[in-house]
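Let me begin by presenting the structure, written as structure tokens, before commenting on it.
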Amino acid sequence: MQNISKEDIEFLNSFLSDELTEERMKELDIRLLNPDFKTYYEHRLNEKYDKPYAKIFVDYLPMIIMVSLMAIGIYLFINSK
């Protein structure tokens, strides 16, 4: 991974932060032919998208609570008649 140029790092930073376009995807395909860049790209993707399960649970907790409260509300509404 030492053979990564600053230009490659800047490209990857902007690629991961901006919208995907056809031109940028073509440029990424060309750069992925370099095995060092490919390794660095995979490492950055893992950094960005791998989250601990506790963090995922905390992120989804409000939705879980809302769905649970809706289910309880529907149950109470049906049984109140």
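Quick note: the coordinates plus some simple rules give every number you see, no bench work behind them. The shown structure was predicted, so the numbers you read here are calculated from the model rather than taken from an experiment. No Cβ is skipped: glycine too gets one built from the backbone with ideal geometry, and neighbour counts run over all protein chains shown.
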Inter-part gap, Cα centre of segment 3-26 to Cα centre of segment 54-81, in whole angstrom, is 41
Going Cα to Cα from residue 55, which aspartates and glutamates come in below 17 Å? Please leave out same-chain ones fewer than 8 positions away. 47
Among 41, 53, 60, which comes first, second and so on when ranked by fewest other beta-carbon atoms within 10 Å? 53, 60, 41
Taking the Cα atoms only, what angle lies between the long axis of helix 35-49 and the longest principal axis of the chain, rounded to 10 degrees? 20
Which entry in (1) 19.9; (2) 16.3; (3) 12.4 matches Kirkwood radius over Cα pairs in Å derived from the coordinates of this structure? (2)
Angle between the chain longest axis and helix 22-31 axis [Cα atoms, degrees, rounded to 10]: 60
